[in-house]
Amino acid sequence: MTISGTMTNAISGLSASSRATEVIASNVSNAQTPGYAVRTLDLSSSAAGGGVVVTGVTRNVDLSLLNDQRAADANTAAAKVTSDFFTQLEKTIGAPGDTGSLNNDVTALQTSLIQAGAQPSSDAGLSSVMAAATALTQQINTISTQIQTARTAADASVATEVSQVNSALSKIVDMNSQIVAQTAAGRDASGMVDQRQQLIDQISGIVPIRQVPQANGGVALYTTGGATLLDGKAAKLGFPATPTITPDMTVDPGALSGLTLNGQSIAPPASSPLIAGGTLAANFQIRDTISVTAQGQIDGVAQDLIDRFSSTTTDPTLPSGAPGLFTDAGTSVAPGNEAGLAGRITVNPIADPAQGGTLTKLRDGLGATVAGAVGDGSILNAMGGALNALVAPSTGGLTPAATDFSGLAASFLSSVSSSRLSADTTASYTAARSTSLKSLSLQGGVDTDQQLQQLLVVEKSYAANAKVIQTADNMLQSLLGIQ
């Protein structure tokens, strides 16, 4: 080998060592950067006759593991959305014994009716009954409001997530084009690939996705359920939000918006396998399924309460079809109009002084035309008996067994608590799986100790090539010095 050839080889080695140092420095400095994948330098021998050539930089990613991790992260996010719904609803219902809880309000009404029945002439006792009855209806109203608020919030979240997915897909299409162009030109596009991965990660929490590599560094994206989100061009999700949702509004008759993909309806969105697993599906489930079930249950509780006090056995003075102590916004419940009843239930204005009624109607009877005996507590006692009567609820999807009203309210709380515990268990499981997959992913990430060891090797290589150049230079100097 000639001296000039030796120097050419050594110079190419210096260049490769310099580039390797840059790659190692990038790996170490980005060890904690989300979406960053460890790089390795690709080298080959020069076809021109000796030396080394940098042919590229490889971005090392286990795509199968990455797809599994994204799916696990999506499941974790979805489970948290569901758990948060039940946690908030359980908090609104309240724990037994807590002031303002449903159970506590039922107990307060039972106690006040017993005391008023024992001293029917006491205006304070009658006031206590009215206050307890009002507090109970207000608590039922609050639970209903909470459920509808959660539905409206879920609908708004869907709209936000659809916008985020559409925006991210559009950006990924642009980055795909840039990455393909840079790769085809022989340039390192790893930095842009990192940025694209961060965008894909944002989508994957909303809709679980599967990433498929394409030529020259491009990618295609599909939901784990098989819907195409990006293949050359981006798909378009469509969803108009509904500002306010009421209990009677559902997606089936078209009162609530559904989800479209490129103009085609995905129905029903709450259970479609095409989008299952992420927060988008979870929010649809809250809006269209979970909260609808909860609303039906609390409506059933309200219906049962109204029915218990509307019987002439409880209050013989009631005209046929007239409401008892509890009403549907002041009237009897119309057949087939139970949806949202929990939000409309109120005490009968006939006996409520705050609504212009007469408090003594509680003792004399809501339909009484003349004052009764002040010492007659039979109707008050009958009201207490109605609360304690074992009755099988006609609606609501709660316990089918005959139970008193306190038991029915407890059954509603138990149903919500069980659902919350189940959601928490799912959230814990998915979080544990996500953490395990993330640990596996980190094992394939940047190992700073290994990178520093490689840096020592590169430094020795650099020094060796520099020594070769120095030696060749000395030889040239010696040759030039020969007379």
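The values are calculated or read from the model by the stated rules, or taken from the named source; none is laboratory data. Being a predicted model, the structure only gives us computed values, none of them experimental. Neighbour counts run over all protein chains shown; Cβ positions are idealised from the backbone, glycine included.
Is segment 380-389 home to any residue that is without any contact (Cβ under 8 Å) to a residue 40 or more places away in the chain and farther than 12 Å from L305 by Cα? Within segment 380-389, none of the residues are without any contact (Cβ under 8 Å) to a residue 40 or more places away in the chain and farther than 12 Å from L305 by Cα.
Considering segment 236-255, the residues that are among the hydrophobic types (A, V, I, L, M, F, W, C), part of a loop (DSSP other than H, G, I, E, B) and touching a helix residue (DSSP H, G or I) at 6+ places or on another chain (Cβ under 7 Å) include one that is surrounded by the most Cβ atoms within 10 Å (Cβ to Cβ), namely I245. Residues that are modelled with pLDDT of 75 or more and among the charged types (D, E, K, R) do occur in segment 20-35, at least one of them. Could you go through segment 361-379 and let me know if any residue there is part of a helix (DSSP H, G or I), touching a residue at least 40 places away in the same chain (Cβ under 8 Å), touching a Pro at 6+ places or on another chain (Cβ under 6 Å) and buried (at least 21 other Cβ atoms within 10 Å of the Cβ). Yes, segment 361-379 contains at least one residue that is part of a helix (DSSP H, G or I), touching a residue at least 40 places away in the same chain (Cβ under 8 Å), touching a Pro at 6+ places or on another chain (Cβ under 6 Å) and buried (at least 21 other Cβ atoms within 10 Å of the Cβ). For segment 309-346, a residue qualifies if it is part of a helix (DSSP H, G or I) and either among the aromatic types (F, W, Y) or surrounded by fewer than 23 Cβ atoms within 10 Å (Cβ to Cβ) (or both), and the qualifying residues are F309, G343, R344.
Quick one: is T228 within 21 Å of L65 (Cα to Cα), in contact (Cβ under 8 Å) with a residue 24 or more places away in the chain, β-branched (V, I, T) and in contact with a strand residue (DSSP E or B) (Cβ under 8 Å, 6 or more places away or on another chain)? No. Looking across Q211, Q139, one residue alone is closer than 30 Å to Q295 by Cβ, surrounded by 18 or more Cβ atoms within 10 Å (Cβ to Cβ) and assigned by TED's automatic domain parsing to the domain that holds A410. It is Q139.
Has segment 404-425 got any residue that is hydroxyl-bearing (S, T, Y), surrounded by 17 or more Cβ atoms within 10 Å (Cβ to Cβ) and over 22 Å from K91 (Cβ atoms)? No, the conditions are met nowhere in segment 404-425.
Exactly one residue among Q139, Q88 is more than 30 Å from E22 (Cα to Cα), touching an Asp or Glu at 6+ places or on another chain (Cβ under 6 Å) and in a helix (DSSP H, G or I), and that residue is Q139.
Pairing residues of segment 460-478 that are among the acidic types (D, E) with residues that are part of a helix (DSSP H, G or I), at Cβ distances under 8 Å and at least 6 apart in sequence or on separate chains, gives D473/M7. Put simply, of S128, S144 the only residue that is crowded, with 17+ Cβ neighbours inside 10 Å, hydroxyl-bearing (S, T, Y) and without any contact (Cβ under 8 Å) to a residue 40 or more places away in the chain is S128.
Matching residues to (1) polar (S, T, N, Q); (2) under 33 Å from the mean Cα position of the chain (by Cα); (3) farther than 30 Å from V207 by Cβ:
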site: N283; (1), (2), (3): yes, yes, no
site: G300; (1), (2), (3): no, yes, yes
site: T317; (1), (2), (3): yes, no, yes
site: G321; (1), (2), (3): no, no, yes
site: L325; (1), (2), (3): no, no, yes
site: T360; (1), (2), (3): yes, no, yes
site: N381; (1), (2), (3): yes, no, yes
site: G385; (1), (2), (3): no, no, yes
site: V391; (1), (2), (3): no, no, yes
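Mind counting the residues in segment 430-451 that are part of a helix (DSSP H, G or I) and either under 30 Å from A77 (Cα atoms) or at pLDDT 80 or above (or both)? So the count comes out to 14. In segment 327-358, of all residues being within 15 Å of A135 (Cα to Cα) and among the hydroxyl-bearing types (S, T, Y), the one that is nearest to the chain's Cα centre (by Cα) corresponds to T346.
Of the residues examined, A351 is not one that is assigned to a helix (DSSP H, G or I), among the small types (G, A, S) and over 20 Å from S144 (Cβ atoms). The number of residues in segment 355-375 being in contact with a Leu (Cβ under 7 Å, 6 or more places away or on another chain) and farther than 14 Å from S127 by Cα comes to 2. Criterion applied to V333, V347 was being modelled with pLDDT of 95 or more and β-branched (V, I, T), and the one residue passing it is V347.
When you check A322 against the structure, is it in the same structural domain as L109 (by TED's automatic domain parsing) and modelled with pLDDT under 95, yes or no? Considered against the rule, which asks whether it is in the same structural domain as L109 (by TED's automatic domain parsing) and modelled with pLDDT under 95, A322 comes out as yes.
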